[in-house]
Amino acid sequence: MTYLVNPGNVYSSDQGASKVLGDISRAQWDDWEERFAPKVEELAAIATDTGLPGELAAQSMEAVGTSFDNAEKSLAMKQAGLGLQLDATEQASQDRVMALTEASTKADQANSTRVATQDMQQSILAGDMGLQNLPTEMMQNL
């Protein structure tokens, strides 16, 4: 809603200046409500979303899982290319090492993501972070 203020109304009556000042205040408020209030509400929704840290942690764990799947395939291709054939105990040992490494990496990444997300939410609540500071990828996923 555009509010037009006629500065000539200052001289129109005894209360002209007060009316113009009121018109300016209304115009500023309407502008704030139209342009900034939706952004403030969006930031408030992000800052108070208790499920967001878990959601992003799950996404990071999925990414780590995909990375390890690719690493296992790459390792198998390299071993086949070199003509290596592991026996059952060697294969079990290799699988165990990969599984343990994947599990610890997933846990580490999930915890780091959860803490970073909570820090981001606290920064939003403290006024240190606006929408322009949020990662683009995160904004697309919300």
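The numbers here are math on the coordinates, done by the rules we state, and not lab data. Fair warning: this is a prediction, and the values are worked out from it, not measured in the lab. Glycine also receives a Cβ, built like all others from the backbone with ideal geometry; neighbour counts cover every protein chain displayed.
List the relative contact order of segment 31-142 as a percent without decimals, with contacts defined as Cα pairs under 8 Å and 6+ residues apart. About 48 percent, as a whole number.
Each label was represented as a point 7 Å from its Cα along the Cα-to-Cβ direction; for N111 and D128 these points are 2.2 nm apart. Cross-link reach is defined here as a Cα-Cα straight distance under 28 Å, omitting same-chain residues fewer than 8 places apart; for K73 the lysines meeting it are K106. Legend: calculated FRET efficiency, A71 to D119, from the Cβ-Cβ distance at R0 = 25 Å, rounded to 0.05, equals 0.30.
Applying 0.36 nm per residue to the separation of A37 and E90 and subtracting their alpha-carbon distance, the gain on full extension is 12.9 nm. Counting charges near D31 (Lys, Arg +1; Asp, Glu -1) among other residues having Cβ under 14 Å from its Cβ returns a value of -1.
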